[in-house]
Structures are given as structure tokens and as C-alpha cells.
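Comments concern the structure below.
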Amino acid sequence: LEVDPLLELLAKAVSADIIGETSALGRYAFTHILIRETLYEELPPGKRMRLHRRVAEILEKAYSSDTDARLPELAHHWFKAAQAGDTSKTLQYAVRAAEHAMTQPAYEEAARLYHRALKVAESAGLEKQQIEAIERALEKAVRGSEEPVAPAALDRGVFAHEGDYWSIEYGG
């Protein structure tokens, strides 16, 4: 959109109390998480993936001199776009963000990101020893976490934590 029509749409959304201006000039946020989630879920999956890819590309371009400052965001958007995008970038950002989280120490976040890296590792063309290195890093993150994690959590694709939700896959 051109700037003026976009500003008009934003003003309408603000007056309808769908979004609100944040403390940063020119930034907006949904007034309630349920509004955001509802609108997000109404998007067709293919469009969601394309939008995540576009956001990731824009973030890369905007922060090309310091992508480290945006690692969690980049990892999130590339992961959400992985099926329609570049799995090697998904893997790269997931591992970099996980390594950064380990230095914080944010072990649960690191474990979540290493899980994501493992989900795309094979389609990204990683060799067995590279996958094993990510698995070892995941184990280190899980051991570093103060919260005990069931051993099943280390089994790829069986017991996965994504944000506030757990996915459990039953045999078959």
C-alpha cells in the first residue's frame, strides 16, 4: 500500500480499538491477543507461510548490519515459513538463536529452538554428524534447564513444545 491509504487504515483500526499505538513512534500492536490470534488463524496456511517469509526477508534487510539483535524474530519467522521457504535459513537462524539463548542462560528457549532446528535438519540437507551435534546441544539445553523435562522430550517429533503449547504424537 501507499503510505497515505495505509495510515488511513491504521487510523480506522485504532478508532475501532483493534490496534493501538505503542510507545514507539509509528508502531502498533493489537489491543488484545485474541484479536491477533483470531485474525492469524483465519489466514490460509499458504498465505501465513508467505507472510512469515516476507517478514523474515524484511527483517534481514532492515537489520543486515546486526541480525544478532533480531535472532529470535528471524528464527520464528523462518521456521513458520519453512515449508514454503528456505529450510537452510530456518536451520541457520534456529541454531544461532539457540546458541545465543544458551549464553543468556535461557535454556528452555534454547531447547525450543534446537527442537525447531531438528525438525528441518534433514530437509535442509544436514549430514548425520551435524544432526547429532544439534541433538547434543539440545540435551545440554535440557540439562541446563531448571524445570525437569521428561526423557520423551528428547525424542524428535514425539513430544514437542511450541510457545505455550505441547504437541504429543501417538504411535501412528
Which length gain, in nm to one decimal place, applies between A69 and S15 when the Cα-Cα distance is subtracted from 0.36 nm times their residue separation?
-> 16.2 nm
Leading residue at positive end of dipole, region 36-118 (Cβ point charges), from L74, M49, A101 | M49
State in Å² the accessible area per residue of region 1-142; use a 1.4 Å probe, count heavy atoms of protein chains only, and round to the nearest integer.
-> 63 Å²
Yeah, region 1-146 with a ≥ b ≥ c from its alpha-carbon gyration tensor (a/c under 1.5 is rounded, else prolate when a/b outruns b/c, oblate otherwise) is prolate
With respect to the cross-link table entries K47/K140; K89/K128; K61/K89; K47/K119; K12/K80, which display a Cα-Cα separation exceeding 24 Å?
-> K47/K140; K12/K80
In terms of solvent-accessible area of protein heavy atoms at a 1.4 angstrom probe, what is the ranking of Y93, Y40, highest value first?
-> Y40, Y93
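The values are calculated or read from the model by the stated rules, or taken from the named source; none is laboratory data. If you're wondering where the values come from, they're calculated on a predicted model, not measured in any experiment. Quick reminder, even Gly has a Cβ in these numbers, built from the backbone with ideal geometry, and neighbours come from all protein chains shown. Just so you know, the surface numbers come from the protein's heavy atoms only, side chains and all, with ligands and any DNA or RNA stripped out. Shrake-Rupley method; radii C 1.70, N 1.55, O 1.52, S 1.80 Å.
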